[in-house]
Amino acid sequence: MNAAPGIVAVTLVTLATLAIGTWGLRISRTTSDFFVASRTVRPGLNASAIGGEYLSAASFLGVAALLFTFGADMLWYPVGWTAGYLVLLVLVAAPLRRSGAYTLPDFAEARLGSVRVRAVCSLLVVAIGWLYLLPQFQGASVTLTSTIGAPDWLGAVIVALVVLANVTSGGMRSITFVQAFQYWLKLTALLIPIAVLLVVWAGDGAPNPADVAGTGNDLWSIPLGEGGTEGLYVTYSLIIATFLGTMGLPHVVVRFYTNPDGHAARRTTLVVLGLLGVFYLLPPLYGALGRIYAPELAGSGSSEALVLELPRLMLPGPGGEILTGLVTAGAFAAFLSTSSGLAIAVAGVLSQDVTGRRFGDRRLGGVAAFRVGAAIAVLVPCLLALSSPDVGVARTVGLAFAVAASTFCPLLLLGIWWRGLTDVGAVAGLLVGGLGSGAAVGYTLVQRDATGWDAVLLGQPAAWSVPAALVTMVVVSRLTRSRVPAHTGRFMVRLHTPEAVPLDRG
Amino acid sequence: MTQQPPPERVRVTGPPRRRPGGTRTREIDAETRVGAIFMGSLLGEQLRLALRILATLFLTVGSFPLLFHLFPGLSDVRLVGIPLAWLLLGVLVYPYLLFLGWRYVLRAEANERDFAALVEEVER
């Protein structure tokens, strides 16, 4: 194993990330107001940034690995992660931007006028953020172990340190450039190697992966091939979790605030749909080629390294090494960008609600609080990742989506489209959805080999936890009808009317 | 039609129409029943549009697992050597999602333009 390309790639990505962060910081100094400046981000740039932030280790490594190991069923992960943006577009994008909320707790407090709802939301943001960060750190360790033979703690530690440096020094503006750069880096890092590998494959007579799928799993190209009714449940539950969970991810919501207005929020989301669609065309190709050229990886437990190993296996020699360096760079960019976005979201909530509770002086007195918050936000999941066994990148991320879909999705949907929501109803629904899906996640992470219907229901909780949370919110809100906030009508005006119409928005 | 020449133009003046509370935006600001109707129509229009798009999504993409479950023969179908499931979920679904999103944005913006034209028009 030649470690040089991997080391060069990781070093270059790290340096480029830090450099662009610093450069962006200099630009943002020329504007008078840091946060208002962020609101001028145009749809193209903003969409690249959202794509860069969103395409995590789960997308870069996990999807190809799942497709490679389990076959066509797993296509629902990338499809769901993309379709989630369509659901977000039609139900949430413009109203969320118009609400003026910076984070989900901000939205909840503004809509319901309740500090208690805010506290529950903050807790959930931290929980979802950590659940999502955990596999990013583990993926980083897998990457460095696979490409340069590093000890299995090194990747997580490097990512944690770079993210901390970036997050504590930069603001939204500089992060926007970093994230946008990383989308295009990730796309290039998958596109160029797969183009070369497809030429190699064509040179080998282009064997059909669906025909060589005979390594112990003949059902590889068949969706739901072995699942029966349970498989059907798992697939639909996954669809619900990913379609509805995207809107509840803390790092996604923060990005919408940087759009100039509701129209731009919609256009940005549309571009995101395009960017994600282009990206997700590529991982299935890696999975399919892996069936031909790396069948021994499938059962070996290191299938997550498929994207990294494939160039070397298919193209021995310096060419393969260079391509390995390229995919390593892309994978590292994936860890850095997603972790940065999540760390910002979690640190923002921690500094607002734990370290510095005062409202309105976040920029002045809050800087130290933000840094402490960022340190907590990064170190806790990093330590968890180092101490717990490998949990499977894409599946853990899938569970984070289930929790988001069971909590913030009902809150956003009802908060935006239904006047009758009350603070008590929101808290009750968040608790039902959060505890239900949280218990399922805990059970699944501990009991990983369980089988049967209870394991199926707990392993993919969204299909029951999302309706449970929604119904609870509606029923409890109806029972506490007198608590509907007085400003609800005005807030609806703010959420739904175009900014150009001169109206009192409260 | 008669052959009379068109009457001479005269400037018509009168009391200003923009009385306090006279325009529709003020109805909304004051949260009157009329204002609530305007807001309700915008909300209803946008929600119906969103639900229409989501229903389309569910009836097409969302029906795939059920179809493949009910008709296992679909799994053997191949187009240009690619299994149908891989072609649908790996390739074709993405342009389709983009198309649905694009249609939504056009219609949602049209709804908002209609709303703006309606409420900014002076009440007669």
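What to note about this one:
- Measuring nothing but alpha carbons in the protein assembly as shown and taking Rh as the Kirkwood radius, the Rg to Rh ratio lands at 1.01.
- Solvent-free Debye scattering, log10 I(q)/I(0), computed from the Cα coordinates of segment A:300-340 at q = 0.24, 0.31 Å⁻¹: -0.78, -0.97
- The orientation-averaged shadow of the Cα convex hull for segment A:56-148, equal to a quarter of the hull surface, comes to 7.9 nm².
- For the peptide B:30-39, the mean number of other protein chain Cβ atoms found within 10 angstrom of a residue's Cβ is 2.
- Taking other Cβ atoms within 10 Å as a rough exposure proxy, B:ARG9, B:ARG113 sort from fewest to most as B:ARG9, B:ARG113.
- Legend: mean number of C-beta atoms from other chains within 10 angstrom of residue C-beta atoms, peptide B:96-104, equals 6.
- Measuring nothing but how far apart in sequence close Cα pairs (under 8 Å, 6+ apart) lie, relative to its length, segment A:124-204 scores a relative contact order of 17 percent.
- Spread over its residues, the convex hull of the C-alpha atoms of segment A:415-503 is 101 Å³ per residue.
- In this label model, A:VAL115 and A:VAL475 are separated by 3.1 nm, measuring between points 7 Å along each Cα→Cβ vector.
- Neighbours of A:LEU104 by Cβ distance under 13 Å: Lys/Arg scored +1, Asp/Glu scored -1, total 0.
- One way to sum up the overall shape of chain B is the equivalent ellipsoid from its Cα gyration tensor, whose semi-axes run 54, 21, 11 Å, largest first.
- Relative contact order of chain B, pairs being alpha-carbon contacts under 8 Å that are 6 or more residues apart, as %: 39 percent
- Only helical runs count toward this figure. For the protein assembly as shown, summing -39,500 (n - 2.57) over DSSP H runs of n ≥ 4 and dividing by all residues gives -23000 deg cm²/dmol at 222 nm.
Readers should treat all values here as calculations from the given coordinates under stated rules, not as data from a laboratory. Bear in mind that the values here come from a model prediction, so they are computed numbers and not experimental data. Because the Cβ atoms are built from the backbone with ideal geometry, glycine has one as well, and the counts that use them run over all protein chains shown.
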